[in-house]
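Trainee: This is the structure I want to talk about, given as structure tokens.
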């Protein structure tokens, strides 16, 4: 598993250095703010949710596949937001969407007997996610030179609690809730530049997901790719290397800081 | 001037201890987040703006009363926001209101010859305000135990740049721009609880202005008063001591932290 990660990271780095040096320098030149995808890019949601599920199951004397539970929960993520994006649901925060998804999967894992308090506490597993090992130190370094903010689908309370838990030193919290749109709606990306009163080209979106970066690029943001090959556990095949939507590719957040001279 | 400050602070502290001990303990009991007025409460806008105006005047070889300029600029603050609050102006950020006010007062101080770049830079004086001496250390202490956020009329970019300049370690930025209402509209105070997903009674508003605290209290927030007797220079008579709208009164942010056991 560690081997897979290193190989994929090396591949990403190699691909990163194949981005033209000119393009990377042009991208870095005017950047004043960095905005980050969070779930998967900054924090390792899968092993963290699995840990909380396994701990709960142990307390209840049950046997549950924590990682499978995390995967099942996350599998409902995009479809739930799509319901909001297409008008099938009115604006609903991610905390509330997480709860709707959770209520659906609890019975599938033999956990329908949880109390309301236990269920609510489990829903807050998304407020207690471990950062990737480089995330907090890389952000602290980037913060000295840039405005740094999450640009996540997570609501403000979720992002604020998560930042406290994981030691993420954001300057402010941007993202879906402020404009009541979910990524990849263009309103979210555009709002980052608008709220910071910067030109889109002076804001760089950092993500481990190429779809996120493509959407950011379509409104004029700069883009930086950081591969997180273990986001979905071992054996991942998508989003291992940058593509044409990427201005800069970095091995991790400290490497990103170095490439941005921070 | 320093004497005035100390006397007023002592008076505020004495008045604070006359708030019933039970009320202070009840107020502190369930508080999970502290939200702060910023201009005047966290930062000393008057001497900071005066400093920037004086520096600009010196560069231009002009003689300008910096403190008088700051006072004249600030005098247009409430009337400008009132225009937005009553529908005379559409939603306009404080950065843009500051610029409209600035354009009005520049000629009055013999500064109508500034270039656009000089005027824009001067408008950003509000992004470079000195914190009161206790503010950054008190906030750092409070942050360990509470979510801390500005609940200001300043827009996100202004608050984020100011926090970086003054070393204010906010967990997130709340306030007027997120709901497109200016304080004392109730929507702003209510939004603090809503965005943080807390009961109003679990959020404490901290301000040096009793009007702000009265409005916060009217939507159910807890209130803490910190006197800033020198906000408008020497000789201030308003807002020197807490009144019935105040749950807790503190001498400064470190004293507030002590009272909240942080």
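Each reported figure results from applying straightforward, stated rules to the coordinates on display, with no laboratory input. Given the structure is predicted, the values throughout are model-derived calculations rather than measurements. Glycine also receives a Cβ, built like all others from the backbone with ideal geometry; neighbour counts cover every protein chain displayed.
Trainee: Run the Debye formula on the Cα coordinates of the protein assembly as shown, all scatterers equal and no solvent, and tell me log10 I(q)/I(0) at q = 0.06, 0.11 1/Å.
Mentor: Reported log10 I(q)/I(0), two decimals: -0.32, -1.01.
Trainee: While we're on this one: Give the angle, between 0 and 90 degrees and rounded to the nearest 10, that separates the Cα long axis of helix A:66-75 from the longest principal axis of the Cα atoms of chain A.
Mentor: 60
Trainee: When Cβ neighbours within 10 Å are restricted to other protein chains, what is their mean count per residue of peptide A:193-205? Provide the component values of the computation, followed by the final result.
Mentor: Working: counts 0, 3, 8, 5, 9, 1, 0, 0, 0, 0, 0, 0, 0.
Average per residue, whole number: 2.
Trainee: In peptide B:167-175, how many Cβ atoms from other protein chains are near each Cβ within 10 Å, on average? Numbers along the way, then the final one.
Mentor: Numbers: counts 0, 1, 2, 5, 11, 14, 8, 4, 0.
That works out to 5 on average.
Trainee: Compute the angle between helix A:45-60 and the longest alpha-carbon principal axis of chain A, please, reported from 0 to 90 degrees and rounded to the nearest 10.
Mentor: Orientation of helix A:45-60: about 20 degrees from the principal axis.
Trainee: Rounded, prolate or oblate: which fits chain B when a ≥ b ≥ c are the square roots of the eigenvalues of the alpha-carbon gyration tensor, with rounded for a/c under 1.5 and prolate only if a/b beats b/c?
Mentor: On the way: a/c = 1.97, a/b = 1.50, b/c = 1.31.
Since a/c reaches 1.5 and a/b is larger than b/c, the shape of chain B is classed as prolate.
Trainee: Let me check against my output: what whole-number percent is the relative contact order of chain A, with C-alpha pairs under 8 Å and at least 6 apart? Could you put the intermediate results ahead of the total?
Mentor: On the way: 446 pairs, mean separation 76.7, N = 262.
This gives 29 percent for chain A.
Trainee: Could you list B:89, B:198 so that the one with the fewest beta carbons within 10 Å of its beta carbon is first and the one with the most is last?
Mentor: Values: B:89 15, B:198 18.
Final ranking by Cβ density, sparse to dense: B:89, B:198.
Trainee: Here's another thing I want to ask about it. Just to compare against my own numbers: the Cα pair-distance distribution for region B:46-127, 5 Å bins, whole % per bin, please.
Mentor: With 5 Å bins starting at 0, P(r) equals 3, 15, 27, 26, 14, 9, 4, 1, 0.
Trainee: Once you keep just the Cα pairs under 8 angstrom separated by 6 or more residues, what percentage relative contact order results for region B:32-87? Provide the component values of the computation, followed by the final result.
Mentor: Values: 27 pairs, mean separation 15.2, N = 56.
It rounds to 27 percent for region B:32-87.
Trainee: Can you give the convex hull volume per residue for the Cα atoms of region A:141-220, as a whole number of Å³? Don't skip to the answer; put the middle values down first.
Mentor: Numbers: hull volume 7.2 nm³, N = 80.
Spread over its residues, the Cα hull of region A:141-220 gives 90 Å³ apiece.
Trainee: Within the protein assembly as shown, what percent of beta bridges assigned by DSSP are antiparallel, to the nearest 5? Walk me through the intermediate numbers first.
Mentor: Numbers: 4 of 40 bridges.
Close to 10 percent.
Trainee: Residue B:258 versus residue B:22, label points 7 Å from Cα toward the beta carbon: distance in nm?
Mentor: A separation of 2.6 nm, rounded to one decimal place.
Trainee: Follow-up question, since we're still on this one. Which part of region A:61-92 falls in the paramagnetic zone of residue A:100, meaning amide N under 19 Å from the point 7 Å along Cα-to-beta-carbon?
Mentor: Backbone N within reach: A:72-92.
Trainee: Let me ask something else about it. Let me check against my output: what whole-number percent is the relative contact order of region B:117-262, with C-alpha pairs under 8 Å and at least 6 apart? Write out the running numbers ahead of the final one.
Mentor: Details: 226 pairs, mean separation 31.2, N = 146.
Here the relative contact order equals 21 percent.
Trainee: Roughly how many Å is it from the Cα centre of region B:238-260 to that of region A:50-105, as a whole number?
Mentor: Between the Cα centres of region B:238-260 and region A:50-105 lies a distance of 43 Å.
Trainee: Using the Kirkwood radius over Cα pairs, work out the Stokes-Einstein diffusion coefficient for region A:122-262 at 4 °C and 1.567 mPa s, in µm²/s as a whole number. Could the numbers behind the result be given before it?
Mentor: Details: Rh = 15.5 Å.
Translational diffusion coefficient: 84 µm²/s.
Trainee: For the peptides A:142-150, A:228-236, what is the packing order when you average, over each peptide's residues, the other Cβ atoms within 10 Å and list the highest mean first?
Mentor: Numbers: A:142-150: 21.0, A:228-236: 17.8.
So the order, starting with the most tightly packed, is A:142-150, A:228-236.
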